[in-house]
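Inspection log for the structure reproduced underneath, given as structure tokens.
The values are calculated or read from the model by the stated rules, or taken from the named source; none is laboratory data. All figures in this text were calculated on a predicted structure; none of them were measured in a lab. Glycine gets a Cβ as well: all are built from the backbone with ideal geometry, and neighbour counts include every protein chain shown. Areas reflect the complete protein model, heavy atoms only, side chains present, ligands, DNA and RNA absent. Shrake-Rupley method; radii C 1.70, N 1.55, O 1.52, S 1.80 Å.
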Amino acid sequence: QVQLVESGGGLVQAGDSLRLSCAASGQTFSSYAMGWSRQAPGKEREFVAGISIHNTTYLAGPVKGRFTISRDNAKDTVYLQMNSLKPEESAVYYCAADPYFGTVMYGRSNYWGQGNQVTVSS
């Protein structure tokens with residue numbers, strides 16, 4: 001079992017930056033691929049970013065160039081740095097973990113956090 005706890009969400013204005021953190025516990029963090037997905041009201045959850053155990057990263061098209069995912073294995077934490085935020089990116093952001101990077105990228109991770117609200121005002 002892996003427990004994931006997100007933090008760092010909140011209310012920002014369009015164009016602002018925000019960094020989300022996800023602290024993991026329960027298993028060897030460095031053995032898990034990690035990722036972030038988001039779900040806006042009335043929409044399906046969508047993949048945002050993923051990072052493999054070897055620090056290979058993959059970002060969804062709409063966030064490339066603005067978002068960065070990183071991990072700190074010494075702190076068992078994964079981060080999502082979000083720059084130039086847009087109002088349409090208001091959503092609940094979820095942290096995810098899975099032994100397989102491909103599974104993370106397809107949004108089918110075995111483990112999920114409780115979600116963290118990000119609201120971007122115009």
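Summary table below
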| read-out | value |
| --- | --- |
| Residue check for L20: within 28 Å of S121 (Cβ to Cβ) and either touching a Cys at 6+ places or on another chain (Cβ under 8 Å) or in a loop (DSSP other than H, G, I, E, B) (or both) | yes |
| Subset of the range 1-54 [open to solvent by 20 Å² or more (accessible area, probe 1.4 Å), among the aromatic types (F, W, Y) and either within 14 Å of G107 (Cβ to Cβ) or at pLDDT below 95 (or both)] | F47 |
| In the range 46-68, the residues that are of a type outside the set (D, E, K, R), without any contact (Cβ under 8 Å) to a residue 24 or more places away in the chain, touching a strand residue (DSSP E or B) at 6+ places or on another chain (Cβ under 8 Å) and in a loop (DSSP other than H, G, I, E, B) | N55, A60 |
| Test set (1) within 16 Å of S7 (Cβ to Cβ); (2) modelled with pLDDT of 95 or more - K86 fails condition number | (1) |
| Search result, residues across the range 3-33 that are closer than 15 Å to Q114 by Cα and touching an Asp or Glu at 6+ places or on another chain (Cβ under 9 Å) | L20, S21, C22, A23, A24, S25 |
| Any hit, the range 79-97, residues being without any contact (Cβ under 8 Å) to a residue 24 or more places away in the chain and basic (K, R) | no |
| Selection from the range 81-121 of residues that are aromatic (F, W, Y), within 22 Å of K64 (Cβ to Cβ) and touching a strand residue (DSSP E or B) at 6+ places or on another chain (Cβ under 6 Å) | Y93, Y94, F101 |
| Subset of the range 23-33 [farther than 15 Å from S7 by Cα and touching a residue at least 24 places away in the same chain (Cβ under 8 Å)] | G26, Q27, F29, S30, S31, Y32, A33 |
| Flag for S70 being of a type in the set (G, A, S), at pLDDT 95 or above and surrounded by fewer than 18 Cβ atoms within 10 Å (Cβ to Cβ) | yes |
| Qualifying positions in the range 104-122 - within 15 Å of M82 (Cβ to Cβ), crowded, with 19+ Cβ neighbours inside 10 Å and β-branched (V, I, T) | V118, V120 |
